[in-house]
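Peer 1: Supplied in structure tokens, the structure appears directly below.
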Amino acid sequence: MTLIFSDSTVQPNLPHYKTQDGVYRDPSNNGRIVSPTLMWIEALDLMFQKLSKSNLDFSKISAVSGSGQQHGSVYWKIGSSKILSSLDHKKPLLEQLENAFSIKESPIWMDCSTTAECRAIENAFGGGALELAKVTGSRAYERFTGPQIKKIFDHQPDIYNNTERISLVSSFMASLFIGAYAAIDHSDGAGMNLMDIKAKAWSKVALEATAPDLESKLGNLAPAYGVAGKIASYFVERYHFNKDCLVIQWSGDNPNSVAGLTLNIPGDLAISLGTSDTVFMITKDPNPGLEGHVFPSPVDAEGYMVMLCYKNGSLTREDVRNSYAEKSWDVFNKLLQQTQPLNGGKLGFYYKDHEILPPLPVGYHRYVIENFSGALDGMKEQEVKEFDPPSEVRGVIEGQFLSMRAHAERFGMPSPPKRIIATGGASANDSILNAIASIFGCDVYTVQRQDSASLGAAVRAAHGWLCNKKGGYLPISNMYMDKLEKTSLSCKLSVNAGDQELVSKYGALMKKRTEIENRLVQKLGRC
Ligand code: ADP
């Protein structure tokens with residue numbers, strides 16, 4: 001069973017917090033975005049209240065896990081471990097934990113108020129941003145937990161000193177379930193700029209650059225498939241859980257999505273085509289750099305997941321659709337089909353918003369490769385103002401997937417990948433899926449369920465339970481591989497062996513695109 005309590009359900013159910021979409025945005029527009037910590041506790045109370053009125057038999061649940069929004073952090077006041085371990089089952093959680101936090105408003109993933117702290121942490125590493133990325137999997141990002149903790153220590157040292165434990169949203173929820181402080185799991189922990197992703201241990205340099213005595217406040221790290229503890233007596237007595245029910249480490253929403261999408265094998269790639277676009281891939285040998293993020297896999301003890309984020313996703317495709325395809329996906333698809341793969345050597349860069357990958361400002365750039373024949377040696381490109389409408393449509397689609405292929409290959413993605421799983425709103429579009437298959441040269445699957453993070457948490461609960469039963473880590477593929485592939489993914493094969501020549505032509509076009517992209521970044525890039 002999967003339970004979903006998302007930002008969109010918080011607002012109508014808990015209006016007294018007066019959040020907007022579950023968050024408070026600082027009115028002074030300084031980038032500070034937080035959520036009330038107690039709202040999450042009340043949401044849990046409310047969820048259990050609703051569940052206990054259903055027919056659910058809590059005593060049949062063998063293991064519980066969950067998914068928390070990545071990067072967000074919770075600050076437990078000195079003395080709160082005692083409150084947590086002696087919860088009275090006759091009272092709701094909220095009533096007992098009202099005074100358990102040194103900070104009542106948790107910084108969350110949308111916060112971007114810590115630029116100064118990011119630079120300071122990067123500077124503490126000899127080689128700056130790149131060196132920090134090599135150790136922790138990412139350069140410093142404003143939303144990451146380390147810069148958020150540094151800001152609290154620098155500006156509110158009394159509050160920092162009055163904190164005995166800092167949890168992530170995920171380990172905070174696991175703590176409620178076990179009635180004690182739960183460890184931070186390796187996958188979510190990599191979203192903090194504090195963990196050495198290869199050693200799976202706190203990085204001393206990062207800790208020192210962030211705040212004093214931090215290690216004792218963070219506690220231990222643990223694998224995502226590990227047992228956080230047995231369910232607290234509070235839940236046994238109040239809701240009649242079995243006292244042997246295991247709480248498996250909770251993790252972040254991104255790692256859980258990887259588990260829910262069944263990305264388990266090196267060479268697996270997922271492309272999420274939502275408001276923004278995200279690429280997830282699995283590798284044994286990550287190569288973290290200035291772009292993207294590397295986290296230990298939540299379901300493979302030796303594997304890593306790479307995440308690439310593009311701000312210009314569906315909204316930019318919509319912009320091109322509105323300008324050149326009569327505001328209709330049907331017309332857009334017809335125009336896409338009218339044009340030939342490779343777009344006759346026309347390459348487009350479409351940034352309706354400031355892009356993260358590559359770091360380029362708003363602007364559309366178009367190039368035509370002269371005398372394009374599919375081989376690029378010695379061929380020059382020429383910048384043009386606009387393409388004809390069908391080429392604009394193909395330009396925005398091919399441009400995005402060539403960029404994804406180039407950046408994923410830089411991270412060590414095998415070419416071709418083993419398979420691609422497409423999700424998000426635009427994955428409903430078969431013409432787009434065909435373009436993905438042609439550019440990457442592999443089968444493209446789509447998922448039947450969109451809530452991959454909550455599904456992933458449920459899958460991990462079963463995985464952790466099984467590992468515990470067998471006395472150690474067990475590859476998750478043993479658990480379900482064949483069955484799950486058949487039941488939860490529908491295959492959309494659109495490239496066969498005959499098209500491999502086209503894939504290699506796309507490879508050449510991708511190199512040209514990367515060359516132009518690098519020049520644009522040098523000329524216009526923000527970092
Ligand atoms: P979110 O990131 O907000 O969860 P979704 O995954 O729901 O977003 O995707 C929404 C986007 O999907 C919309 O912005 C829309 O442009 C895009 N979309 C919906 N249908 C199609 C389609 N047939 N072709 C291309 N894009 C589509």
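Derivation of every value follows stated rules applied to the coordinates shown; laboratory data play no part. Because the structure is predicted, anything quoted here is derived from the model rather than measured. Using ideal geometry, Cβ is built from the backbone for each residue, glycine included, and neighbour counts are taken over all protein chains shown.
Peer 1: Where a Cα-Cα gap under 25 Å defines reach, which lysines qualify for LYS204, not counting those fewer than 8 residues away within the same chain?
Peer 2: Here the lysines satisfying the reach criterion relative to LYS204 are LYS77, LYS134, LYS150, LYS151, LYS217, LYS284.
Peer 1: If we sort 384-395, 277-288 on the protection proxy, mean other Cβ atoms within 10 Å, highest first, what's the order?
Peer 2: Numbers: 384-395: 18.7, 277-288: 20.5.
Answer by packing, highest mean first, reads 277-288, 384-395.
Peer 1: Net charge near TRP250: determine it from the other residues with C-beta under 12 Å of the C-beta of TRP250, scoring Lys and Arg +1 and Asp and Glu -1. Kindly include the intermediate steps, with their values, before the conclusion.
Peer 2: Values: positive: ARG460; negative: ASP185, ASP188, ASP253.
After counting each charged neighbour, the total is -2.
Peer 1: Next question, about the same structure. Please arrange ILE516, ILE432, ILE166 by counting, for each residue, the other beta carbons lying within 10 Å of its beta carbon, fewest first. Intermediate values should be presented prior to the final figure.
Peer 2: Values: ILE516 16, ILE432 23, ILE166 26.
Lowest count first: ILE516, ILE432, ILE166.
Peer 1: Provide CYS245, CYS112 in ascending order of the number of other Cβ atoms located within 10 Å of each residue's Cβ, fewest first.
Peer 2: Working: CYS245 20, CYS112 14.
With the fewest neighbours first, CYS245, CYS112 line up as CYS112, CYS245.
Peer 1: Ok, one more. Please find the FRET efficiency linking ASP353 to LYS198, where r is the Cβ-Cβ separation and R0 is fixed at 51 Å, and quote it to the nearest 0.05. Mind showing how you got there, number by number?
Peer 2: Numbers: r = 34 Å, r/R0 = 0.66.
Result of the calculation: an efficiency of 0.90.
Peer 1: Classify the range 234-331 as rounded, prolate or oblate from the Cα gyration tensor: take a ≥ b ≥ c as the square roots of its eigenvalues, call it rounded if a/c is under 1.5, otherwise prolate when a/b beats b/c and oblate if not. Don't skip to the answer; put the middle values down first.
Peer 2: Details: a/c = 3.31, a/b = 1.68, b/c = 1.98.
It comes out oblate by the Cα gyration axes.
Peer 1: How much length is gained on full extension from LYS470 to LYS311, taking 0.36 nm per residue of separation minus their Cα-Cα distance? Can you show the working numbers first?
Peer 2: Details: separation 159, 0.36 × 159 = 57.24 nm, distance 4.24 nm.
Net length gain for the segment: 53.0 nm.
Peer 1: In nm, to one decimal, how far is the ASP158 label point from the GLU215 one, both placed 7 Å along Cα→Cβ?
Peer 2: 3.0
Peer 1: Could you check the spin-label model distance between LEU130 and ASP451? Points 7 Å from the Cα along Cα→Cβ, value in nm.
Peer 2: 4.4
Peer 1: Using the Cα gyration tensor of the range 170-227, with a ≥ b ≥ c the square roots of its eigenvalues, what is the shape: rounded (a/c below 1.5), prolate (a/b larger than b/c) or oblate (neither)?
Peer 2: Numbers: a/c = 2.48, a/b = 1.48, b/c = 1.67.
Verdict is oblate for the range 170-227.
Peer 1: Hey, rough spin-label estimate for SER328 and LYS18, points 7 angstrom out along Cα→Cβ, what's it come to in nanometres?
Peer 2: Each label point lies 7 Å from its Cα, and together they span 4.8 nm.
Peer 1: Moving on to the next point. Rank the residues ILE184, ILE369 as a footprinting-exposure proxy: fewest other Cβ atoms within 10 Å of their Cβ go first. It would help to have the intermediate numbers written out before the result.
Peer 2: On the way: ILE184 31, ILE369 22.
Least crowded to most crowded, the residues run ILE369, ILE184.
Peer 1: Now for a separate question. Determine the calculated [θ] at 222 nm for the chain from helices alone, applying -39500 (n - 2.57) to every DSSP H run no shorter than 4 residues and normalising by the residue count; nearest 500 deg cm²/dmol. Walk me through the numbers before you get to the answer.
Peer 2: Numbers: 21 runs with 219 residues, N = 527.
Taking each H run of at least 4 residues, the total per residue is -12500 deg cm²/dmol.
Peer 1: Please give me the summed charge of the neighbours of GLY260: other residues whose Cβ is under 12 Å from its Cβ, Lys and Arg +1, Asp and Glu -1. Show your work: numbers first, answer last.
Peer 2: Values: positive: ARG449, ARG460; negative: ASP253, ASP451.
Overall, the nearby charge balance is 0.
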